[in-house]
């Protein structure tokens, strides 16, 4: 039996969230059905594209970056060597190699500086925006995101999650080629933040109820 996880089999927030409203966004059941939060191993996600939280060299590192490179195999490093690195906020595409995902979007998140909060937010938004655009340009389907820049780069998890959700909401409103967006978290505390904030951007229609 395969240990890989198909994004289409994960419960969307339609299934996992009973209520939630927003002052800014209207409830949209179709959009909500495209969003999932999953605590698991991103290298096991059988998506059309997974996103790697890379460094500017694109040559591998620690955390998610190292795990993806190890799982994908040496051919990934060879392809990355020919990409010339990437700027902060930029995403570059490679094949998935030994991963179950078809593509990898290598995005370079900002190192967080509290005294440059607006610049950090702009660059982090660019990470999510450019990754979504690359996925759509290469056939769409499904995409899996880690929580970019919230590890050693120090981005506060709540602020980073708000940017991730807002950027995704506004992209999906204009693009229907991406059918599944999975936020892949490693820690339970991060999963709780995503679950708490997701309905601010993807509110649940009032008519939805868990009761039969």
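No lab work stands behind these numbers, since they all come straight from the coordinates. For clarity, every value in this text was computed on a predicted model and none was experimentally measured. Heads up, the Cβs are rebuilt from the backbone with ideal geometry, glycines too, and the neighbour counts pull from every protein chain shown.
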Given the rule -39500 (n - 2.57) for each run of at least 4 DSSP H residues, summed and divided by the residues of the chain, what is its mean residue ellipticity at 222 nm, to the nearest 500 deg cm²/dmol? -11000 deg cm²/dmol
Please identify which residues in the range 33-56 have an amide N closer than 20 Å to a label point set 7 Å out from the Cα of residue 18, following the Cα→Cβ vector. 33, 37
Cα extents of the range 119-173 per principal axis, largest first, Å, are 33, 20, 17
Pop a pseudo-label 7 angstrom from the Cα along the beta-carbon direction at both residue 39 and residue 57 and give the gap in nm to one decimal. 3.3
Between residue 75 and residue 206, what is the label-point separation in nm under the 7 Å Cα-to-beta-carbon projection? 5.4
Per-residue counts of other Cβ atoms within 10 Å, averaged by peptide: what ranking do you get for 136-149, 13-26, highest first? 136-149, 13-26
Which of 86, 53, 164 fluctuates most in a GNM of the chain (C-alpha springs under 10 Å)? That residue is 86
Where both partners of a DSSP beta bridge lie in the chain, what percent of those bridges are antiparallel, to the nearest 5? 20
Using Cα Rg over 2.2 N^0.38 Å as the read-out, say which of (1) 0.98; (2) 1.13; (3) 1.07 was calculated from these coordinates. (1)
Highest mean first, what order results for 195-204, 99-108, 57-66 on Cβ atoms within 10 Å? 99-108, 195-204, 57-66
What distance in nm lies between label points placed 7 Å from Cα along the C-beta direction at residue 114 and residue 175? 3.4
Between the helical axis of 117-137 and the dominant principal axis of the chain, each derived from Cα atoms, what acute angle in degrees is found, rounded to the nearest 10? 90
Arranged by the count of other C-beta atoms within 10 angstrom, fewest first, what order do 28, 190 take? 28, 190
Give the residues of the range 101-144 whose amide nitrogen is closer than 14 Å to a point set 7 Å from the Cα of residue 159 in the direction of its Cβ. 110-125
